[in-house]
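Inspection log for the structure reproduced underneath, given as structure tokens.
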Amino acid sequence: MRIVLFISSAFLTFFCSAQTTDFAIKKFSPSIVKFKETNIKADSVDVVLSFNNARSFNEWRKKTHVISGYSPSNVSVVRLRATDLQQLLADSSIVFADMLRKPKEELTTGSLDISLNKLNVVHSRYPTINGNSINVSLKEQQYDIDDVDWKGRSFNSGVGATTRSSHASIMATMVGGGGNSSPFAMGAAPGVNMTSSDFAGLLPDADSVYRHFNITVQNHSYGTGIENYYGSDAAAFDASTYINSTLIHIFSSGNSGTATTVEGRYKGIPQVANLTGSFKMAKNIITVGATDSFNNVMSASSKGPAYDGRVKPELVAFGLDGTSGATALVSGAAALIQHAHLRKFGTLPFAALTKALLLNSADDVDAKQVDFTSGYGSLNAYKAVKAVEENHFFIGDVMKGQTKSFEIQVPANIANLKVMLVWTDVPAEANATKALVNDLDCRLSFPITGEKWSPWVLNTVTISDSLNQPAIRKTDTLNTVEQITIEQPKAGTYSFEVKADKINSGSQQFAVVYQFDTLRNFSWTYPTAANVLEASSTNVLRWQSNIPENGKLEISINNGKWQSISTINTKDNYTKWITPDTVCTARLKMFISSSNIEKVSEEFVISRPIDVQVGFNCTDSFMLHWNHFPHDQYEIYTLEEKYLQPIVNTSDTFNILSKKKHASLYFAVAPKVGSLHGRRSYIIDYTSQGVECYFQTFYASLINKNSALLEARLGSLYGVQKVLFQKQNRKGVFENIHSAASPLNNAFSYTDAAPSKGVNNYRIGLTLANGITIYSPAEHIYYFPKEPVIAFPNPVRQGQPFKLIAQEPGVYTIVMYDATGKLYYKGLLEDINKEVPTTSLGKGMYLIRISSKEGGGSTQKILVN
């Protein structure tokens with residue numbers, strides 16, 4: 001048995017239950033202490049040794065079996081004898097040890113909604129910003145690289161897991177699914193390139209991997225158990241971001257939100273500080289919690305604070321089934337931000353800027369301002385990308401004692417001004433009592449009035465009531481993120497100052513982002529022109545509004561008169577609505593009479609599902625057909641290099657496509673409603689639908705022990721003039737036994753009331769309009785009206801086998817002997833069809849005696865010639 005351990009690179013001092021100062025407790029993590037106390041028996045242990053310098057790190061790697069490691073943090077995973085664990089205490093070059101816990105995926109099923117976090121708005125308003133050229137790594141098991149939603153966009157970075165999992169495939173789809181398999185498989189950033197990284201080691205990949213493959217987003221939707229200390233893995237991920245300046249790591253907070261931690265500073269306080277993994281204590285990452293479809297934080301979503309009182313999680317997003325999915329959506333949003341920055345400025349944003357854009361644009365949920373449940377709020381991808389497009393950010397750097405100032409022009413009629421400072425800090429020593437090393441401070445001022453504002457800071461006192469108190473304005477000495485907000489700011493020029501109070505050496509780079517929310521603002525966010533609502537189903541309509549008044553919701557169908565739906569409070573930002581059972585274009589309108597505000601949505605489509613089927617699959621062509629819609633245009637798509645592309649417009653409900661012209665196997669169809677498209681069908685592989693050249697099914701079966709029932713179903717009746725039922729005669733020629741001209745149904749049958757004794761072979765023929773007749777494969781039945789078993793063929797040529805065909809399996813015993821009484825074969829017919837060889841038989845007459853379990857029997861003759 002092997003136990004897996006972690007040993008960290010820097011000196012660790014963690015909070016244990018008794019705050020002991022024992023040297024072993026300082027050097028070993030709580031999980032190792034528990035391992036030693038429970039006296040678990042093991043032959044060997046995998047440990048991650050963290051060394052005080054690179055020389056010690058390299059020396060140990062020479063003398064020990066090394067599994068993996070992260071050299072910038074001097075961390076190495078090695079395999080030791082379990083009896084050698086105690087000796088690590090005496091080695092002064094080893095400074096910390098932690099259990100290498102087994103990572104667990106934090107989602108079992110997938111539920112994808114990209115409208116809550118305004119990802120659909122990005123797709124509609126900025127269609128060219130889709131994550132194209134951004135490389136994302138999914139750190140866990142391997143996703144399904146053969147999925148059509150990843151065609152042409154999956155690459156091998158050489159560090160992926162060997163085992164595939166459905167969880168990984170769901171995460172990959174949420175991050176950047178291309179929507180090829182169905183419209184519901186459209187991820188947050190459908191243009192990204194995706195690769196896999198094995199999460200077994202709980203450490204970052206080698207820097208060379210990130211750099212060689214230009215990976216700038218890594219998704220981590222997994223956890224271990226509730227842990228409250230800054231482990232060597234946390235320091236390693238902080239180092240990874242610090243070294244790779246554009247790389248951002250995004251972690252799930254965990255699904256243990258109702259649990260109580262038993263270790264660290266906040267032990268024993270219910271439902272706080274329950275993030276699932278010490279690596280989530282890193283400060284340069286983003287940790288993500290989960291909400292339902294209406295921005296209510298899920299009770300199971302793990303809460304902060306971090307072990308030292310820092311804000312965790314920093315962000316929440318839709319994750320009805322867990323924080324894994326929420327994390328994937330944020331990873332996709334990060335890729336959109338990077339793509340937007342790359343298109344506009346020609347460079348990728350450094351990680352602190354990406355992080356600042358994500359956090360500062362979030363919608364405030366749960367408690368007002370920042371809190372330990374939702375962090376800085378719920379992801380709003382549209383506002384984040386818009387901030388890039390409007391250039392609402394600054395980049396700077398400061399040295400110790402230096403102050404940098406930036407001017408922000410605030411227009412009139414602003415409801416809320418939000419400004420955020422973020423920096424990528426150098427990693428702290430493992431198990432440091434406080435993770436922050438370089439401390440920056442910010443302040444916002446309005447020189448005209450002399451007003452000044454400090455950032456929002458939460459109470460970190462280890463009492464439940466204190467942790468739930470609202471944030472107050474004060475100097476922040478814990479976090480690498482500081483936010484200042486002002487409600488209804490005066491118009492004018494504001495000054496934002498960044499001061500370096502504590503920097504160990506050199507300078508510290510930082511990012512500042514800002515955002516305005518207009519007073520009495522209302523804007524529709526779902527549906528957009530790119531969204532299709534399904535007819536006769538419940539949908540959630542979404543908008544963003546800061547107008548706390550009732551509004552009248554109305555609809556116009558096909559540009560007709562406005563019809564009332566309901567009266568609702570616009571501050572709710574959503575309402576549920578059952579769409580009419582029709583196929584049409586529509587617009588929504590919100591009319592707020594008290595303010596005389598009228599806001600009309602983009603035109604969108606209400607559509608029924610479309611079902612594509614294969615009519616025939618012949619040598620040179622194939623037919624697709626689908627259900628009729630009350631309009632006259634459809635568009636056929638085929639899967640090309642990466643995505644579905646339109647190839648044919650037609651007014652018919654079928655289309656025949658040339659295989660020579662269309663080499664792809666994958667196709668889909670969407671109705672056209674006015675100038676827009678309705679709900680596109682699921683993609684199909686036309687070769688795997690069970691339809692050959694017209695024939696979908698053909699069966700022959702014996703009924704009532706005396707008739708042959710022939711049943712067939714065609715994929716299509718297109719061009720079929722006549723259906724022929726044929727039977728093979730004794731000369732081996734198929735003859736017509738029945739025909740039907742101009743069939744009206746693609747399913748038909750015929751009963752042969754006079755089958756021949758022995759084997760009966762049947763087939764179906766179709767005479768087409770072009771004069772060609774095509775035939776189905778032959779089907780056969782065995783018919784023997786008086787005998788329970790027959791021998792076939794009879795006579796049989798010497799050396800060739802014959803068959804014993806029984807009415808029922810496992811009932812009849814067969815004895816075969818020649819005319820002199822010599823026995824040649826005896827046995828039970830366990831199957832309906834039994835083949836008997838004749839290689840040892842001479843020419844002549846043989847007798848077959850048949851007996852049943854119920855008694856009685858008969859004798860047949862078979863001639864071998």
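The values are calculated or read from the model by the stated rules, or taken from the named source; none is laboratory data. Remember, it's a predicted structure, so these values are computed and weren't measured experimentally. Cβ coordinates were reconstructed from backbone atoms using ideal geometry, including for glycine residues, and neighbour counts include every protein chain displayed. For accessibility, only protein heavy atoms count, side chains too; no ligands or nucleic acids. Shrake-Rupley method; radii C 1.70, N 1.55, O 1.52, S 1.80 Å.
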Checklist entry - Restricting attention to the stretch 102-112, and to residues there that are modelled with pLDDT of 70 or more and open to solvent by 30 Å² or more (accessible area, probe 1.4 Å), which single residue is nearest to T173 (Cα to Cα)? => result L112
Checklist entry - Could you list, in sequence order, the residues of the stretch 678-691 that are crowded, with 19+ Cβ neighbours inside 10 Å and either of a type in the set (F, W, Y) or more than 22 Å from the chain's Cα centre (by Cα) (or both)? => result G678, Y686, V691
Checklist outcome for this item: Of (1) more than 23 Å from E263 (Cα to Cα); (2) open to solvent by 50 Å² or more (accessible area, probe 1.4 Å); (3) touching a strand residue (DSSP E or B) at 6+ places or on another chain (Cβ under 8 Å); (4) at pLDDT below 75, K36 fails just (1)
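Residue-by-condition table, conditions (1) modelled with pLDDT of 80 or more; (2) aromatic (F, W, Y); (3) touching a Phe, Trp or Tyr at 6+ places or on another chain (Cβ under 9 Å):
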{"residue": "P777", "(1), (2), (3)": "yes, no, yes"}
{"residue": "Y782", "(1), (2), (3)": "yes, yes, yes"}
{"residue": "Q798", "(1), (2), (3)": "yes, no, no"}
{"residue": "F802", "(1), (2), (3)": "yes, yes, yes"}
{"residue": "G810", "(1), (2), (3)": "yes, no, no"}
{"residue": "T813", "(1), (2), (3)": "yes, no, no"}
{"residue": "Y817", "(1), (2), (3)": "yes, yes, yes"}
Checklist entry - List pairs: first in the stretch 481-506 and closer than 22 Å to A471 by Cβ and open to solvent by 10 Å² or more (accessible area, probe 1.4 Å), second among the hydroxyl-bearing types (S, T, Y) and in a strand (DSSP E or B), Cβ under 7 Å, 6+ apart or cross-chain? => result E497/T403; E497/S405; K499/T403
Next on the checklist: When you check A586 against the structure, is it touching a residue at least 60 places away in the same chain (Cβ under 8 Å) and either among the hydrophobic types (A, V, I, L, M, F, W, C) or out of contact with any Lys or Arg (no Cβ under 7 Å at 6 or more places or on another chain) (or both), yes or no?
Outcome noted: no
Next on the checklist: Name the residue that is farthest from the chain's Cα centre (by Cα), counting only residues in the stretch 224-259 that are aliphatic (A, V, I, L, M), open to solvent by 10 Å² or more (accessible area, probe 1.4 Å) and within 20 Å of G289 (Cα to Cα).
Outcome noted: A259
Checklist outcome for this item: Exactly one of V370, V385 is modelled with pLDDT of 95 or more and either open to solvent by 20 Å² or more (accessible area, probe 1.4 Å) or over 24 Å from the mean Cα position of the chain (by Cα) (or both), and that residue is V370
Item to check | Among (1) open to solvent by less than 20 Å² (accessible area, probe 1.4 Å); (2) touching a Pro at 6+ places or on another chain (Cβ under 7 Å); (3) without any contact (Cβ under 8 Å) to a residue 60 or more places away in the chain, the one test that K571 misses | outcome: (1)
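Per-residue answers, yes or no, for (1) open to solvent by 10 Å² or more (accessible area, probe 1.4 Å); (2) out of contact with any Gly (no Cβ under 6 Å at 6 or more places or on another chain):
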position	(1), (2)
H167	no, yes
T173	yes, no
G177	no, no
P183	yes, yes
G187	no, no
V192	no, no
L202	no, yes
A206	yes, yes
V209	yes, yes
Checklist entry - Quick check, is I145 open to solvent by 20 Å² or more (accessible area, probe 1.4 Å), part of a loop (DSSP other than H, G, I, E, B) and touching a helix residue (DSSP H, G or I) at 6+ places or on another chain (Cβ under 6 Å)? => result no
Checklist outcome for this item: Reported set for the stretch 247-287 where residues are in a loop (DSSP other than H, G, I, E, B), within 11 Å of E227 (Cα to Cα) and aliphatic (A, V, I, L, M) is V262, A273, L275
Checklist entry - When you look at R164, is it within 19 Å of the chain's Cα centre (by Cα) and more than 30 Å from F28 (Cα to Cα), yes or no? => result yes
Checklist entry - Of the residues that sit in the stretch 601-615 and are among the β-branched types (V, I, T) and touching a Leu at 6+ places or on another chain (Cβ under 7 Å), which one is nearest to V673 (Cα to Cα)? => result V605
Item to check | Some residue of the stretch 821-834 being more than 21 Å from A700 (Cα to Cα) and aromatic (F, W, Y) | outcome: yes
Next on the checklist: If I ask for residues that are touching a residue at least 24 places away in the same chain (Cβ under 8 Å) and surrounded by fewer than 20 Cβ atoms within 10 Å (Cβ to Cβ), which ones from the stretch 589-599 would you list?
Outcome noted: K589, F591, I592, S593, S594, S595, I597, K599
Checklist entry - For F616, are the conditions met, namely being surrounded by 14 or more Cβ atoms within 10 Å (Cβ to Cβ) and in contact with a Cys (Cβ under 6 Å, 6 or more places away or on another chain)? => result yes
Checklist entry - For K452, all conditions in the list (1) part of a strand (DSSP E or B); (2) closer than 21 Å to L357 by Cβ hold save one; what is the number of the exception? => result (2)
Checklist outcome for this item: Going through the stretch 340-394 in order, the residues found to be part of a loop (DSSP other than H, G, I, E, B) and of a type in the set (K, R) are K368
Checklist outcome for this item: Going through the stretch 304-322 in order, the residues found to be closer than 20 Å to D233 by Cα and either within 17 Å of the chain's Cα centre (by Cα) or not hydroxyl-bearing (S, T, Y) (or both) are G304, P305, A306, D308, G309, R310, V311, K312, P313, E314
Checklist entry - For the stretch 402-434, which residues satisfy the criterion of being assigned to a loop (DSSP other than H, G, I, E, B) and closer than 17 Å to L353 by Cα? => result W423, T424, D425, V426
Checklist entry - Any chance the stretch 66-82 includes a residue that's at pLDDT below 70 and assigned to a helix (DSSP H, G or I)? => result yes
Checklist entry - With the stretch 557-646 as the region, which strands (runs of 3 or more DSSP E) entirely inside it contain at least 2 residues that are farther than 25 Å from A663 by Cβ? => result 562-569, 574-578, 584-592, 597-600, 604-607
Item to check | Residue list for the stretch 766-792, filter: assigned to a strand (DSSP E or B), under 16 Å from N729 (Cα atoms) and under 50 Å from the mean Cα position of the chain (by Cα) | outcome: E779, H780, I781
Checklist entry - Within the stretch 303-321, can you find the residues that are under 19 Å from H167 (Cα atoms), part of a loop (DSSP other than H, G, I, E, B) and open to solvent by less than 10 Å² (accessible area, probe 1.4 Å)? => result G319
Item to check | Residue among P548, P455, P470 that alone is of a type outside the set (A, V, I, L, M), open to solvent by less than 30 Å² (accessible area, probe 1.4 Å), farther than 30 Å from H677 by Cβ and over 34 Å from the mean Cα position of the chain (by Cα) | outcome: P455
Checklist outcome for this item: When W577 is run through (1) within 19 Å of G678 (Cα to Cα); (2) open to solvent by 30 Å² or more (accessible area, probe 1.4 Å); (3) not acidic (D, E), the failure sits at (2)
Checklist outcome for this item: Of the residues in the stretch 721-764 that are part of a loop (DSSP other than H, G, I, E, B) and closer than 15 Å to A700 by Cα, the one that is least open to solvent (accessible area, probe 1.4 Å) is P755
